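**Q** Pasting in a structure now, in structure tokens, and then I'll have a few things to ask.
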Amino acid sequence: MKIYIETDIEGVAGFCFFEHADPKMENIQHRHRMYRLLTDEVNAAVRAAFDSGADEVLVNDGHSSGYNIIFENLDPRCRIIHGRNCSGPHWLPLLDSSCDALVLVGMHAMGATPNAILPHSKWKVNGGAIYLSEGSMAAAIAGDYSVPTVFVSGDDKITAELKSKIPGIETAQVKQALSVYQACSVIPARACEMIYAGVKRGIARRSEIKPFHIPGPIRLNLLDSTGHIEMKEMFPEDVEAPTIDQAFMKFERRMDWTSFDTSKVDGFVFP
Ligand SMILES: [Zn+2]
């Protein structure tokens, strides 16, 4: 059994601020403390996967630089995909139909979700017939490969969204979002217990949880804003493709801050 774990950091218990854009402003100690919390939560999910009978676990370090998880502290039985998440062949590298389940750790709500913690990215599918967060987008891409998404952890808003789209998905609500920069979190040790138990339940029930598949053809646009309040369409015309996986990658290639499928250095500076 092969389990794919997609990770982000905004939904980790205790995380309430984005990193500062100016590296001189950065509180390095704070950032590394958050990396430790993320690493512990991911480790809880990895252990649960192996304790459920997995013989292969792939972790994708999905936030920003793709270099957040302290991988030397990860369970040595897993493998990790790291490096900047917008410079590889795919947003979810190595995810394909050989995976038995997708697990989502540390997810955040889509942009403009009221009272969500650090919400951003709101994918508009088929003219607004459905809206996706980064978490439900990952689930939809997995759905194209018939891979069920069995677990999500994060705040109350993202767990509610995934539950509304994926009947039977297991969740760990590790914090209650109070505003964009404020939340009431469980203590990290408790968050790890909740994630361990939830991933075990999700993997045990994976045959009962249907892959989240959105039938094509797909029209896709992204609503976002720097202030996360006024949502604007990123491109005047929707991207069109036969599947959501293809539409997503076509869209990402058009964004000037990505360099998917290219080998050129893109000017990104290590955080
Ligand atoms: Zn992130």
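**Q** Please report the relative contact order for the chain, taking Cα pairs under 8 Å with a sequence separation of at least 6, and give it as a percent rounded to a whole number.
**A** 22
**Q** Continuing with this model, one more query. When the helices in the chain are scored as -39500 (n - 2.57) per DSSP H run of 4 or longer and the sum is shared across all residues, what 222 nm value do you end up with, to the nearest 500 deg cm²/dmol?
**A** Calculated from helices alone, the mean residue ellipticity at 222 nm is -9000 deg cm²/dmol.
**Q** Continuing with the same structure: By what distance, in whole Å, do the Cα atoms of the chain stretch along each of the three principal axes, largest value first?
**A** Cα extents, longest axis first: 47, 46, 39 Å.
**Q** So in the chain, what percent of DSSP beta bridges are antiparallel if you round to the nearest 5?
**A** Approximately 40 percent, going by the DSSP bridge assignments.
**Q** Taking R0 as 41 Å, what's the FRET efficiency between E208 and D75 from their Cβ-Cβ distance, rounded to 0.05?
**A** Efficiency, rounded to the nearest 0.05: 0.95.
**Q** With the contact rule set at Cα under 8 Å and sequence spacing of 6 or more, what percent relative contact order holds for the range 90-188?
**A** 29
**Q** Here's a follow-up. Exactly which trypsin sites (Lys or Arg not before Pro) in the range 38-124 are in a DSSP loop and have at most 16 other Cβ atoms within 10 Å?
**A** R77
**Q** Kindly write out, for the range 206-217 in residue order, the coupling ³J(HN,Hα) from the Karplus curve 6.51 cos²θ - 1.76 cosθ + 1.60 (θ = phi - 60°), rounded to whole Hz, with x marking Gly and Pro.
**A** Karplus-based 3J(HN,Hα) across the range 206-217 equals 4, 6, 8, 9, 6, x, 7, 10, 10, x, x, x Hz.
Just so you know, all these numbers are worked out from the coordinates, no wet-lab data involved. Given the structure is predicted, the values throughout are model-derived calculations rather than measurements. Counting neighbours? That spans all protein chains shown, and the Cβs are built from the backbone with ideal geometry, glycine included.
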